[in-house]
Amino acid sequence: MGQGVLAGFRSISNSLRQSLGGGAPADPKTLFAHFRAVLDHNNRSLEVITDMGEKLGGDYLFDINYTRSAYESLYEAISGSIRNFALLTGDRYPQLAEVLARIDTLVERMFAAAGPEGGALVVPYAEITWDMAEEVGGKNYHLAEMANALHLPVPPSFAVTTAAFDAFVRHNGLGERLAGLAAGADDGALAGLRAAVLAGAVPPELAESFDRAVAALRHRLGPDATLAVRSSAEEEDGDFSFAGQFESVLNVPCTGAAVAEAYKQVVASLYEPGAVAYQRHLGCDPGRLRMAVAVVAMVPARSSGVIYTVASGTEPDTLLVNAAWGLGTAVVDGRTDADLFTVAKSGGPRLAASRVGGKETMVVNDGASGIATVATPAGQRGVPSLSEAEVLALARQAMAIETYFKAPQDIEWAVDRDGRTFILQARGLRVEHGPEESAADASEPLAASHLPVLLADHGTVVQKGVTAGKVFVLKHADDLDRVPRGAILVARHDSPHFVRVIPFLNAIITDVGAPTSHMASICREFSIPTVVNTGDGTALLGHDEEVTLMAGDENRVTVYAGIAHDLLREQRQTARRMREIYEFRRQKYVMRYIAPLNLVNPLEEEFAADKCKTVHDLIRFMHEKSVQSLVASATRQGRGIMGVFGGRKGLRRLALPLPIQVLAIDLGGGFVDGPASGEATLAEIASVPLRALLQGMMHPGVWHEENLALQGRDLLSGMSRAADLTGGGAAAGANLAVISGDYVNMSMRFGYHFNMLDSYCSDTPRNNHIYFRFVGGAAAITSRSRRIQMMASILAESGFIIKTKGDLLVARVSNLSREDIERILDQTGRLIAFTRQLDAVLDSDETVARLARAFLAGDYRVRP
Amino acid sequence: MTKHSIMIIDDEKIVGDMARLSLEQDGYEVETFLDGRSALDRLEVRPFDVVVTDLKMKGVDGLQVLRTVKKRHPKTVVIMITAFANLDVAIEALRDDVHDFFPKPVKLKELKASIERALGKDGGH
């Protein structure tokens, strides 16, 4: 791939512009063909992404040939999408080709196993990628992962790389003295070396890098911010923790010169006698270790401390939070009688015990002179330094970190004066395992074999795994914000809106859903055990119930009531060990540029072409905008119908027992007998979504006689509009359906109600969507908002994601089977008819609730 | 009971690493090799119960490994893996000698099941 990508797309753009030069719209059939081609290529792309997720997940032996050829297929498919999308939209989004070129560069770099360009001296955390662990050191690498992948609150920071260390050593001619250390050095020689480092000059290019990076931090944090400059020498996997071996300089002013001075102090600490002895003890030559450094904004900490995500090898379910007032140094060094909070992790964190320490002293910022230990004010001694809510918030973040790194963690944290939490460091926690940790023991009392089974072999496994937690049954989309971290989310439908909580969940179980959905690929990316299509998970699993989910091969799914400790232990061990294989992690990392979904909500400003970062973003963006583009083009056709279709050819009146007239334009396959003309009966309609919609609208009882009488005028005007149209008179946008075999776009106007429904309904679930827009009017404002409220509550039951604003309701649902789409279209058809008659009777909020309940139960009478 | 021994040969390090990790967890003794030559040298020293080898490798390839193993240790079971799925003909010819054949990516579970069959662990047939 590589070069030529952009050039290729640019030439497409140019020829497009020429062909579209006059602004003449392409004919609807051609646009529809491009629309379908975008969907087809998107599907192919998602299939490859799904396959890669599966093959790179740890259950397959794969090699670079697989990863490469899979990526090549993906590249070809997504390029096809982009080409057709450009043709569909008149090249409105030229940025997409640039996004793909950028992704391609990153992926190719990964394949070439090449480091980032140029051996940068300083790297902001946002730019730290998988392959930089060695250059930036373990501390930086882990913190950047937490910020970039888990989106946890990490203070603004940058890394000073090992390349900077090399430049410093070179610039000050220290190379030979360092090489000499291997042969042994006495304390005097070490002191000399430290003095040389401290007296050394920071090379000009490093000084410039400091200035730039510090200026960026100052811009973000304000002039009073201070920094912590610390070693980042730990091995990536925490095998050599070097905990507490090197100097940390705190409260460093936010200037390049101050950072340079602190940098030298940290580097010099590499040659303290204790640190050198420790390096020897670990078997590394003291002169060979190249130190990376972390420069992290200081949090004006009200409280801070340390979390161990397991209390010991025999207590993996217990998490410990140590906390004290002020900065965390006192806790880390064990110098103060800190608070100790014991948290039970299973089923979402719960405070099990707390011991409040005396905390006679505390560490505080001491202006320009750094930090100081002072006596704790009397009012704060013996008072807990964290509220229970803060303890639990921290525990949840710690559990997410433990889940992500798949190993127990030692975490430093802080809470600022506004109660905001920050993660300052996380590293692997060495745990002594109890003897029973080594193997699953089916005879222990809490083994799976002793637990009742709540659900067995329902559903499709999207991501395998074993996990436990408290069930959160999601009733309304709005409740998503209340889902606790570590929960097992049980929902009726899958949804891309879950993306924001997925990294913090232990599992997802849905009644309905597709293994190829956007949500599914995110779950695979984060290795969150996920089962869709259980049919009745929401009915079988109780809210707040503690359960263990085992999702295995061949869709073997079991949900146990209670925590099956034996299964969990086995799972932890396997997952951890696969990740230890460097090459495995390297190749899996390519998924970072492919699978994550950043563009979730089409209604947000962030949903823009230049915000796409991954292949998945491109797919999502193109899908959404393709639908919009098609809707717009169908609407245009409605307005300019005669011009486009050259008269009445292809336009047919539907002969239906409905109090409205509908005209239909066929783009292909919409009618049984092809491009005939004249009236068409229901039997002659082949368009699957139109049939489903009409069947709903024709459902017995949804139109009322009394309302038909009220509607007399509408009816007449509707008819006359249709007559005008077919007679070649005034153009109109009402009661018009643009259809194909698997598509409908229908605009309907009843008096002041304007309904627009667009649906694709095929045998490929992820192509399918319904987009429904309703604008009402002609009623008192309270009545209108009641009407919208009632429609929203009914549509939500079908799984629609809904946005309302005043009189406007926009509802979307996608990625469902043909049968589900047909069912929902039928229901929506009934609702469209039903809604027509509501304004007069929606006199109170109680009526809204009653009518919505009645409608859902199949009772369409508006008066009891 | 003594552990069954498995030799893995693949010029892509990741294949041997992953196979080793997974098979050791199941209680096998595993040795991995990145080329056919060093694997054959090792086979001079000791036999293995099962040899899992990549077909296409530089130098000594999977076919040579197969022939040598069958000559020196006729009881050793050989399982062939390869990235190239279009070698049906060659595989057909080798049918008598090769216990099983897997195109890459290989599902670990299937590889393990095949090994168990070869060792008569599944009840024997």
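Values in this text are rule-based calculations from the coordinates and carry no lab data. None of these values were measured; they are calculated from a predicted model. Cβ placement follows ideal geometry from the backbone for every residue including glycine, while neighbour counts extend to all protein chains displayed.
Within the straight-line cut-off of under 29 Å between alpha carbons, the lysines reachable from A:K803 are A:K475, A:K611, A:K613, A:K625, sequence neighbours fewer than 8 places apart in one chain being disregarded. For the peptides A:499-508, A:190-199, residues were scored by their other Cβ atoms within 10 Å and the scores averaged per peptide; the highest-first order is A:499-508, A:190-199.
Averaged over the residues of B:98-105, the number of partner chain Cβ atoms lying within 10 Å of the residue Cβ comes to 3. Here r is the Cβ-Cβ distance between A:K803 and A:E606 and R0 is 25 Å; the resulting FRET efficiency, rounded to 0.05, is 0.95. Highest average first, the peptides A:620-632, A:449-461 ordered by how many other beta carbon atoms sit within 10 Å of their residues are A:620-632, A:449-461. Sorted fewest first by neighbouring Cβ atoms within 10 angstrom, A:E570, A:E545 come out as A:E570, A:E545. Straight-line cross-link partners of B:K121 among the aspartates and glutamates, defined as a Cα under 19 Å from its Cα and at least 8 positions apart when in the same chain: B:E24, B:D26, B:E29, B:D49, B:D100, B:E110. At an R0 of 22 angstrom, the distance between the Cβ atoms of A:D536 and A:R853 translates into a FRET efficiency of 0.55. Under 23 Å of direct C-alpha separation, and excluding same-chain neighbours fewer than eight residues apart, A:K264 reaches these lysines: A:K139. Partner shielding of A:493-500 amounts to 0, given as the average count of beta-carbon atoms from other chains within 10 Å of each residue beta-carbon.
Computed across the stretch A:247-312, the Kirkwood radius stands at 14.5 Å (inverse of mean 1/r, all Cα pairs).
Each peptide among A:31-44, A:292-305 gets the average number of other Cβ atoms lying within 10 Å of its residues, and from highest to lowest they stand as A:292-305, A:31-44.
Across peptide A:62-69, the mean count of Cβ atoms from other chains lying within 10 Å of each residue's own Cβ comes to 5.
Here the extension length gained between A:F111 and A:A257 equals 48.7 nm, from 0.36 nm per residue of separation less the Cα-Cα distance. For the stretch A:129-205, pairs of C-alpha atoms spaced more than 15 angstrom apart make up 65 percent of the total.
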